[in-house]
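Report on the following structure.
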Amino acid sequence: MKKHILLLLFICFSTLTFAQTELSKLTVENLSNPIGIGVKAPRFSWKLVSGKRNVKQTAYEIQVKEGGKTVWSSGKVASEASIFNKYAGTPLVSDSKYTWQVRVWDNQGNTSKWAGGTFGTALLNTNDWKAKWISSGLKSDTVNGIVPMFRKSFSAKKIASAKVYVTSRGLYEVQINGKRMGDSYLAPGWTSYDKHLQYQTYDVSSMLSEGKNAIGVLLGSGWYRTRLGWENKQNIYGKDTALLFQMVIKYADGTSETVVSDTSWKVSNSHILSSEIYNGEIQDARLAQKNYSTATFDDSKWTPVVAKDFPIDYITASINEPIRKQEHIKPIAVLTSPKGETILDFGQNLAGWVAVSIQGKSGDQIKLSHVEMLDKKGTPYFENLRSAKAQAIYTLSGNGVETFEPHFTTFGFRYVKVEGITGKINPNDFTAIALYSDVTKTGSFETSNASVNKLQSNIQWSQRGNFLDVPTDCPQRDERLGWTGDAEVFSRTAAYNFNVDQFFAKWLIDVAADQKENGAVPFVIPNVLKGSGFDMPVGAAGWSDASIIIPYNMYVSYGDKEIVERQYPSMKAYLGYVRGAAKNDLWNTGFQFADWLSYRVDDSKGMIGMKSAITDNYLVAQCFYAYNVEIMIKAATLLGKTEEVKEYQSLLERVRKAFQTEYMTASGKLISETQTAYILALQFDMLPENLRAQAVERLVKNIESYEYHLTTGFLGTPFLNPVLTRFGRNDVAYKLLLQDTYPSWLYPIKAHGATTIWERWDSMKPDGTFQDPSMTSFNHYAYGAVGDWMYRTIAGIDTKEAEGAGYKSIIIKPELGGNLTYAKGSLETNYGLVSSSWKIENNKFILDVEVPANTNATIEFPTNKLETIKENKAVLNAKTKTVGSGKYHFEMEL
Ligand code: BGC
């Protein structure tokens, strides 16, 4: 009996506390308890958690303290804002630790408990840097020469705390007292190194001890000077790599000390004989200087480093997540090629590397060659890597079991050819490790169709494979560049799968930094094609437009207004460029990629009756011109720039008129009779309203003429299904989604078991041969841009824009089709989890929705039998319902 009462009390108590509004997932500048904040007014966010419905924040209070002293108290602020509230206290001090707490009041009379977090500042002023740039000065330290290692020993008193601020021209890996510092890889990441370089902050308090200590650093070429692009350009940012290192130690006795990179450091060759982004890495374990980062190591043979006077004023604290090791995958099979080669199959195309644990004789050499595909006969396919060797070569020292993995390179692969192992290979000795920016996974999506689920998995894997500090086109061949067009078309999908706000915020800084004087935005960012034929002072529609489209997409996805504010001058300058390139409001000059890689007849033989689908370059450009202006109107509205809003509104009208005069007949036929032409014209409202219905008919006819195959390229594909859905042809959109013969999204899965999105619709052709190896990647996210429509339309999760951006005002609008019997999607937004999950049972449609606190959602039901729509037992008799936070269950007849 007593037990029962206790249980009852416990249940009452827990429902009571759950019903209370609590705060969770506190962030500062989008990061949880960051230690290296470099901005002077960081932004605080939190999420409200409540078991009750319709909970809204009505007020908040933030307090920030440093060492017990309050440096900011916001007081009670009447506001619903629970994201991105800016610090407004006394100026923050460099290299300090702050605690902060927040509490909120809600509309139901609750006050939350205080919830707290911490943040640390980095070096807020350039003159906080006491460190000097140092280089090895070694002859062997060249672009693909021997990686140098640096060393410094020092004595310390009893430690209270210690932080390291470090960056490099090149890639660094630091050890302290024999242990690796931190878990980030390929640091400091990749930026437009000549204009913008990020440093990172590490808490090393527990790595130091009283007495003697030592620091060791490996410094690889990385993106700084390794060859990049297909024109064999190297040393793009300079010939000498260099290190900048500053450790600030606070002692228990209240004093402090800094240990910085300077000419007292020493240097030697390491056992890494070569390391290049494209070619891979060569290591000789016999040359390893064990314990080189411990205090007792004898460095008497090491030489002094060379000081460099590289600038410091362009260095800023990292704002995005570092690259970390993610999934670890064991081989699923050991294969033998017709030539007798041994191949490991990891079952998943990914970007990263393979860790090897192996025992052998001194001087034994093992060589791993990475490829994405095997040909029809089972032979590794190297041709699409172009000149990238993509190899890891290890020479064993013979000392017991040895573990190898690269330091300053990555590979895009599913298969690894292994050479140098005598005897039977043990697949367990090999682990593929995916490496990518440590962005938080936010989205989940599943349906009753296994192929669609595989497509979703492939989209996510291509995102993982290409979010390596920079959004890249592909991770394997001698390219791997920050192609603006690819990032642009994929950005909204990316923002469903992972939280990419900081990732893009950082990249967009480089978009602005590399922008040309005339406002044109280079095709790749960082612009490593500088000086090549691909570096023109022109902008290409859909590519350079990333400068306008992506900041706005981040605002829509995260409610991050600051990203638009920061990018606005760059956005405006780019639109200025387009306006300058246009004559009479027609953007019809200059180079265009246009609808890149759309269907062409000679692509894959055997598609009888299918004609090439090439859309006029400038028709495409004109549609993107309108898209850019449309976003500029929204951005200017957001920032309160009323004059500019007016100016852009009239520009938009003229741009659309010019389109109609130039590319459309009086009856609404377009000069290019392609899917892409009609899709873009409809998506961007280029056609007069009375001619839209016939345009949709023409589009559908076109799709039918290709027997429900898509023929779109990079720029048409993202809008194909959204346009069909918007204009009431969801039936056709679903047919295209579920099409599994070439060209289609499911063809690579059905015909060839693809595990990622391919660059071309037929990177591998129906007959099992490959497309042109000069441009055939099997890990290219661009066509994965359909993911956005899948979340938005199948699961039905979207956000309103303007005031409702960032899922403050949610739209739940699942649209049925394709014989799907269930779908469930969820998204961890800045306010909390949104989820929409539906199933069809006995012709009944059942929908479960979860709406986070401090938001509202408008739910639109996919039936016209309004009288059958019930929430639990209550009849709603309405097509839509707007709800506050909470969990809801609806049933209706279809
Ligand atoms: C890249 C692309 C890119 C395109 C533009 C290719 O080499 O891989 O994805 O957008 O070039 O030309």
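What follows is calculated from the coordinates using simple rules that are stated; it is not laboratory data. Here the structure is a predicted model, which is why all the values come from computation and not from measurement. Cβ: placed from backbone, ideal geometry, glycine included. Neighbour counts: every protein chain shown.
Quick one: Leu680, Leu833, fewest Cβ neighbours within 10 Å first, how do they rank?
Leu833, Leu680
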(request) Could you list the chymotrypsin sites (Phe, Trp or Tyr not before Pro) in segment 385-452 that lie in coil according to DSSP, counting only those with at most 16 other Cβ atoms within 10 Å of their Cβ? (result) none
(message) Counting each pair of different Cα atoms once, what's the Kirkwood radius of the chain in Å, rounded to one decimal?
(response) 29.3 Å
(message) Let me check I've understood the local charge: for Ser826, count other residues with C-beta under 13 angstrom from its C-beta, Lys and Arg +1, Asp and Glu -1. What total comes out?
(response) -1
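Among residues other than Gln694 whose Cβ falls under 11 Å from its Cβ, what is the net charge (Lys/Arg +1, Asp/Glu -1)?
On the way: positive: Lys669, Arg692, Arg698, Lys701; negative: Glu697.
After counting each charged neighbour, the total is +3.
Percent of Cα-Cα pairs more than 26 Å apart in segment 219-368, please.
Numbers: 5807 of 11175 pairs.
Within segment 219-368, distances greater than 26 Å cover 52 percent of Cα pairs.
Given a Förster distance of 30 Å, report the FRET efficiency between Asn107 and Ala874 from their Cβ-Cβ distance, rounded to the nearest 0.05. Intermediate results must be reported in sequence, preceding the final value.
Values: r = 23 Å, r/R0 = 0.75.
In this case the efficiency is close to 0.85.
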(message) Across segment 370-525, what fraction of all alpha-carbon pairs, as a whole percent, falls in each successive 5 Å bin from zero upward?
(response) 2, 7, 14, 16, 16, 15, 13, 8, 5, 3, 1, 0, 0
(request) Hand me the trypsin sites (Lys or Arg not before Pro) from segment 418-527 located in a DSSP loop with no more than 13 other Cβ atoms within 10 Å, in residue order please. (result) Lys424
(request) Kindly identify segment 754-820 as rounded, prolate or oblate by the Cα gyration tensor criterion: order the square roots of the eigenvalues as a ≥ b ≥ c, call it rounded if a/c is under 1.5, otherwise compare a/b with b/c, prolate if a/b is larger, else oblate. (result) oblate
(request) Mind running the shape call on segment 605-699? Use the C-alpha gyration tensor, a ≥ b ≥ c as the square roots of the eigenvalues: rounded below 1.5 for a/c, prolate if a/b tops b/c, oblate otherwise. (result) prolate
(message) Compute the distance from the alpha-carbon center of segment 22-36 to that of segment 237-265, in whole Å.
(response) 28 Å
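In which sequence would Arg698, Arg414 go, from the one with the fewest C-beta neighbours within 10 Å to the one with the most? The partial results should precede the final answer.
Numbers: Arg698 18, Arg414 24.
Placing the least packed residue first, the sequence is Arg698, Arg414.
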(request) Sort Leu847, Leu243, Leu876 so the one with the fewest other Cβ atoms within 10 Å of its own Cβ comes first. (result) Leu876, Leu847, Leu243
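Using Cα-Cα distances under 8 Å and only pairs 6 or more residues apart, what relative contact order does segment 89-132 have, in percent?
On the way: 50 pairs, mean separation 19.2, N = 44.
Computed over segment 89-132, the figure is 44 percent.
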(message) Considering all projection directions equally, how large on average is the shadow of the alpha-carbon convex hull of segment 346-449, in square nanometres?
(response) 9.8 nm²
(request) Evaluate 2.2 N^0.38 Å with N set to the residue count of segment 297-401, then give the Cα radius of gyration divided by it. (result) 1.57
(request) Could you pull out the trypsin sites (Lys or Arg not before Pro) across segment 543-645 that fall in loop regions by DSSP (anything but H, G, I, E, B) with no more than 10 other Cβ atoms inside 10 Å? (result) none
(request) Could you check how many percent of all C-alpha pairs in segment 260-317 are farther apart than 13 Å? (result) 74 percent
(message) Using the Kirkwood radius over C-alpha pairs as Rh, can you work out the diffusion coefficient of segment 512-629 via Stokes-Einstein at 4 °C, viscosity 1.567 mPa s, in µm² per second?
(response) 83 µm²/s
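Can you tell me which of 524-531, 108-115, 164-171, 812-819 comes out highest on packing, and rank the rest after it, using the mean Cβ neighbours within 10 Å? Walk me through the intermediate numbers first.
Details: 524-531: 22.1, 108-115: 14.8, 164-171: 25.2, 812-819: 19.0.
Descending mean neighbour count gives 164-171, 524-531, 812-819, 108-115.
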